[in-house]
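The values are calculated or read from the model by the stated rules, or taken from the named source; none is laboratory data. Remember, it's a predicted structure, so these values are computed and weren't measured experimentally. Because the Cβ atoms are built from the backbone with ideal geometry, glycine has one as well, and the counts that use them run over all protein chains shown. In case anyone asks, the SASA skips ligands and DNA or RNA and just uses the protein heavy atoms, side chains included. Shrake-Rupley method; radii C 1.70, N 1.55, O 1.52, S 1.80 Å.
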Amino acid sequence: MRYAQGGGLTDERRAFREKLRMQAAERFRQGDENTVIARDLRVSVRSVQRWRKAWSQDGSRALASKGPASLPLLSDELFAVLERELAKGPVAHGWPDQTWTLSRIKTLIGRRFHKSYTVQGVAVLLKRHGWTCQVPARRAIERDENLVAGWVKETWPQVEGPWRRSTPGSSSRTKPDSR
């Protein structure tokens, strides 16, 4: 199975799938058909066929979870070190401004730990440890709520434009009215 963003199964999801396979193994012992098992467990018939083949060769232990496909490159201890480095700020690591980007964090990981991550891998790593993107810790001191409310009420509708046409149009792509 492929995971689009380089992620994988969580421990809970892996345990859930192993439980399904073990339920299927019990049904194999009872002599149930693949299609019935697939329908009852809400999985594909092909998955049940693969499980039955593995079960017939090695028994229930063949259906046990083998753990995560790969271990994370940074352990929890190393991630704690990374968090301390991130707290120092980008300027302390040679960048001209105080903005952390995924590519900068990727570079920092490479320099500090000699580990290679992709930009998407850095995003997954940070998300796994509870980090979010672009969430300020506090509001700017200079922020004036009255000015913001006035801008939203007066300026934004002019920038956004009207929602509907003032004249009826056509849904046809070939008629000029639809443009």
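Points 7 angstrom from Cα along the Cβ direction at residue 132 and residue 57: gap in nanometres?
Using points 7 Å along Cα→Cβ, the separation is 4.6 nm.
Looking at segment 3-67, what % of the alpha carbon pairs are farther apart than 19 Å?
31
Mind checking the dipole of segment 40-130: about its Cα centre, +1 per Lys or Arg Cβ, -1 per Asp or Glu Cβ, Debye to the nearest 20?
420
Explain nothing, just compute: Karplus ³J(HN,Hα) = 6.51 cos²θ - 1.76 cosθ + 1.60, θ = phi - 60°, for every residue of segment 36-51 in order, whole Hz, x for Gly and Pro.
These are the phi-based 3J(HN,Hα) values: 5, 4, 4, 5, 5, 8, 6, 10, 6, 4, 4, 4, 5, 4, 4, 5 Hz.
What is the projected area of the convex hull of the Cα atoms of segment 91-148, averaged over all directions, in nm²?
For segment 91-148, averaging the hull's shadow over all directions gives 5.7 nm².
Which entries in the list 88/127; 19/53; 19/66; 66/106 go over 24 Å, if you measure between the two C-alpha atoms of each?
Distance filter (> 24 Å) returns 66/106.
Taking all protein chains as present, what is the carbon and sulfur share of the accessible area of segment 8-60, in % to the nearest whole number, probe 1.4 Å?
Carbon and sulfur: 47 percent of the exposed surface of segment 8-60.
Near the amide H of residue 64, under 5 Å away, which other amide H atoms are found, from residues 5 or more places off or on another chain, if H is placed in the peptide plane?
none
Using only protein heavy atoms and a 1.4 Å probe, report how much of residue 16 is accessible, in Å² to the nearest 10.
Near enough 90 Å² of accessible area.
Give the Rg (one decimal place) followed by the Dmax (whole number) of segment 16-123, computed from C-alpha coordinates and expressed in Å.
So, for segment 16-123, Rg and Dmax equal 23.0, 68 Å respectively.
Using θ = phi - 60° and the Karplus relation 6.51 cos²θ - 1.76 cosθ + 1.60, list the HN-Hα couplings for segment 77-84 in order, rounded to whole Hz, with x at every Gly or Pro.
Working through the residues one at a time gives 5, 5, 5, 4, 5, 4, 4, 5 Hz.
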